[in-house]
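Participant: One structure coming up, written as structure tokens, with questions to follow.
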Amino acid sequence: MKLIIASNNKHKVYEIKKMLGSKFDEILSLREAGIDHETVEDGRTFMENAIKKAREISEISGCYALADDSGICCDALGGAPGIYSARFSGGTDEDNNALLLEKLADKDDKSAHYTCAMALCSPDGELTLAEGYMYGTITEQRRGERGFGYDPLFIPVSETRTVAEMTDEEKNAISHRGRALELLLKKIG
């Protein structure tokens with residue numbers, strides 16, 4: 001059974017392949033599957049975007065397709081950047097991190113959470129959905145070299161390190177994506 005991950009984000013693809021490797025005969029990114037398609041993420045929620053991506057890629061490939069939409073939500077910013085996390089600044093991860101620190105600079109509340117909405121679409125259009133969360137706080141400066149996105153700024157609850165200071169195994173055990181994948185795996189058996 002072949003699975004297409006509806007992403008070319010090498011970090012997401014790596015995390016998903018590592019966790020789902022034993023469940024499918026072959027797991028490919030869009031690029032590896034030879035699919036040149038970008039879904040317009042115009043949903044109002046993480047889940048709407050994940051469903052749209054999974055359906056489009058399943059229809060194009062005729063295979064199972066897994067899509068996620070994820071981001072960071074800061075309480076003091078009314079949930080922002082939320083679904084706009086990847087394009088918050090219009091620039092790179094470093095630009096996004098700098099803008100988030102700027103927006104939170106005068107805020108006392110640094111609480112935040114990561115959300116991951118995941119959709120698995122079968123070739124016949126059947127959807128299996130899951131969501132995962134990771135709660136914590138935003139630091140005042142970048143720390144760590146691992147991970148991606150806002151990982152150098154995010155300290156999970158009951159941790160003193162940022163996600164970017166953790167190993168892949170430590171991150172996957174507590175991450176929003178890891179939790180969403182675990183729930184998805186339970187649902188599909």
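Derivation of every value follows stated rules applied to the coordinates shown; laboratory data play no part. Not measured: the values here are computed from a predicted model. Here the Cβ positions follow ideal geometry from the backbone for every residue, glycine too, while neighbour counts run over all protein chains shown.
Participant: Tally up the residues in the stretch 157-180 that are over 13 Å from the mean Cα position of the chain (by Cα), small (Gly, Ala, Ser) and assigned to a helix (DSSP H, G or I), please.
Facilitator: Going through the stretch 157-180 one residue at a time, the tally reaches 2.
Participant: Shifting gears a bit: Tell me, yes or no, whether the stretch 8-29 has at least one residue that is under 17 Å from residue 62 (Cβ atoms), within 13 Å of the chain's Cα centre (by Cα) and of a type outside the set (Lys, Arg).
Facilitator: no
Participant: Would you check if there is a residue in the stretch 89-100 being touching a helix residue (DSSP H, G or I) at 6+ places or on another chain (Cβ under 6 Å), not hydroxyl-bearing (Ser, Thr, Tyr) and not in a loop (DSSP other than H, G, I, E, B)?
Facilitator: Scanning the stretch 89-100 turns up at least one residue that is touching a helix residue (DSSP H, G or I) at 6+ places or on another chain (Cβ under 6 Å), not hydroxyl-bearing (Ser, Thr, Tyr) and not in a loop (DSSP other than H, G, I, E, B).
Participant: Another question, then. What pairs can you find where one residue is in the stretch 156-169 and of a type in the set (Gly, Ala, Ser), the other is not in a helix (DSSP H, G or I), and their Cβ atoms are less than 7 Å apart, with a gap of 6+ or different chains?
Facilitator: 164/143; 164/144; 164/145; 164/146; 164/147
Participant: Moving to a separate point now. So the check is Cβ under 6 Å with 6+ separation or different chains; which pairs have a first residue in the stretch 15-41 that's free of Cβ contacts under 8 Å to residues at least 12 places away in the same chain and a second one that's among the acidic types (Asp, Glu) and surrounded by fewer than 18 Cβ atoms within 10 Å (Cβ to Cβ)?
Facilitator: Short answer, once both residue conditions are applied: none.
Participant: Within the stretch 72-85, how many residues turn out to be in contact (Cβ under 8 Å) with a residue 60 or more places away in the chain and either surrounded by fewer than 17 Cβ atoms within 10 Å (Cβ to Cβ) or assigned to a strand (DSSP E or B) (or both)?
Facilitator: 2
Participant: Right, residue 153: touching a residue at least 24 places away in the same chain (Cβ under 8 Å), farther than 19 Å from residue 10 by Cα and surrounded by 20 or more Cβ atoms within 10 Å (Cβ to Cβ) or not?
Facilitator: On the way: touching a residue at least 24 places away in the same chain (Cβ under 8 Å): yes; farther than 19 Å from residue 10 by Cα: yes; surrounded by 20 or more Cβ atoms within 10 Å (Cβ to Cβ): yes.
Taking the combined requirement at face value, the residue satisfies it.
Participant: Given the options 4, 35, 57, name the one that is assigned to a strand (DSSP E or B) and either more than 16 Å from the chain's Cα centre (by Cα) or surrounded by 19 or more Cβ atoms within 10 Å (Cβ to Cβ) (or both).
Facilitator: None of the other options fit; the residue is 4.
Participant: Residue 52 is checked against (1) under 17 Å from residue 127 (Cα atoms); (2) in contact (Cβ under 8 Å) with a residue 40 or more places away in the chain; (3) not small (Gly, Ala, Ser) and fails just one. What number does that condition carry?
Facilitator: In the conditions (1) under 17 Å from residue 127 (Cα atoms); (2) in contact (Cβ under 8 Å) with a residue 40 or more places away in the chain; (3) not small (Gly, Ala, Ser), residue 52 misses (2) alone.
Participant: Follow-up question, since we're still on this one. So which of 72, 138, 60, 83 is within 28 Å of residue 1 (Cβ to Cβ) and aliphatic (A, V, I, L, M)?
Facilitator: 60
Participant: I'd like to check something: does the stretch 102-111 contain any residue that is in contact (Cβ under 8 Å) with a residue 40 or more places away in the chain and surrounded by 16 or more Cβ atoms within 10 Å (Cβ to Cβ)?
Facilitator: Filtering the stretch 102-111 for residues in contact (Cβ under 8 Å) with a residue 40 or more places away in the chain gives none.
No: the stretch 102-111 contains no residue that is in contact (Cβ under 8 Å) with a residue 40 or more places away in the chain and surrounded by 16 or more Cβ atoms within 10 Å (Cβ to Cβ).
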